[in-house]
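Everything on this sheet refers to the single structure shown next.
All of the numbers you see were taken from the coordinates with simple rules; none came from a lab. These numbers were taken from a predicted model, which means no experiment stands behind them. Ideal geometry is used to build each Cβ from the backbone, glycine not excepted, and the neighbour counts take in all protein chains shown.
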Amino acid sequence: MPRTRRTAALALITAAALALTACGAGDPSPAPAGAGTAAKGTTPTTDVVTSVRRDAGAAELLPEKVRAAGTLNLATSVGAPPGAFYREDGTTLAGADIDFADAVARKLGLRLKRGVASFEAILPALGSGRYDVGTGNFGVTDERRRTIDFVTYINDGQGFAVREDSDLKKVTDLTQLCGLTVGTGAGTTFEATLEENRHRCADAGEKPYEIRTYADQAAVWISLRQGRSDVLMSTINGLRYAVTQQEGLRFLNEYRRLDVGFAFRKGTPLAPAFRAAVEALRSDGTYDRILKKWGTSGSAIRASRISPPETG
């Protein structure tokens, strides 16, 4: 199956799972911060972007060549709600990342030429010049800042989820995962964190945990439901969103918070304009409306920054 159709098919499987009723009242998992429409089993459809108007001050910060062209090439990683995903038709993109990118483009008076790419392929493609900007819930880390510039727009991070019958409790130390199989996304900060700490199990005389990575976010969830993974490590917002709409799963806890940003090649001249556009969205209320739509108000930032030091 071609990659695009395979991703769409897996997303549809996940969408079907998300259509299940929410977890029962006995589920101790917390609901998403600011949860509203996004946590009720249906995909939010509120239009929070069309009303956004161009901000002259932000647009003036764009390189003259970009203003003249009026377009930017954007790469989007498609995974699961609430970040970026395919609606039930398998072709229409939706999610907070989609809304934020479209709203910023409107503030800058630009048209986006959006392409879909795998998460692990986007950052290298930025360096090669294939794309001008990328989105995919890219956490800002010191390692990534060596080769990539970021403009922050939310604060998300790393967390864990399990099946309801799991004995695993709050994970505060990765050695609690020793002997288990951990599912996560390929090329992510989750995979990097797990790989960096895997030796600690052997150092403690315990069996190392196994890491299973998947290019498609839907496949990560399927691995948990089918028992191929004992626990998932993924985005805090994505995990919280999913477990409130799927029976038999629960969110364990936040493990680490990270700022998330638009990604650019190192030294990009686009960063000041994007930062100004995000600030303009915060000022006119669009920013809060996007977060409320997707049930992620708890991920609001106080100010957009360009390549800030790693948090957490």
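Observations on the structure shown:
- Counting only Cβ charges, +1 for Lys and Arg and -1 for Asp and Glu, the dipole size of segment 193-312 around its Cα centre is about 320 debye.
- Farthest positive-ward along the chain dipole, Cα basis, beta-carbon charges - from L61, V182, V231: L61
- Virtual spin-label span in nm between T147 and L93, 7 Å along Cα→Cβ: 2.3
- Of all DSSP beta bridges in segment 72-214, antiparallel share, percent nearest 5: 15
- For the chain, the dipole from Cβ point charges (+1 on Lys and Arg, -1 on Asp and Glu) about the Cα centre works out to 820 debye, to the nearest 20.
- Pairs over the 31 Å Cα-Cα cut-off, from the set K113/K170; K170/K207; K65/K293: K113/K170; K65/K293.
- Leading residue at positive end of dipole, the chain (Cβ point charges), from F274, N197, F85: F274
- Stretchable slack from R111 to H199, in nm (0.36 nm times residue separation minus alpha-carbon distance): 27.0 nm
- GNM result for the chain, Cα springs below 10 Å: residue of R275, R228, R146 fluctuating most strongly: R146
- Whole-angstrom gap from segment 231-276 to segment 136-150, using each part's C-alpha centre: 13
- Measuring nothing but how far apart in sequence close Cα pairs (under 8 Å, 6+ apart) lie, relative to its length, segment 116-201 scores a relative contact order of 30 percent.
- Helical contribution to [θ] at 222 nm, DSSP H n ≥ 4, -39,500 (n - 2.57), averaged over the chain, rounded to 500: -9500 deg cm²/dmol
- Counting neighbouring Cβ atoms within 10 Å and putting the fewest first, the residues Y86, Y209, Y153 line up as Y209, Y86, Y153.
- Which of I222, G127, N73, positive extreme of dipole for the chain (C-beta unit charges): N73
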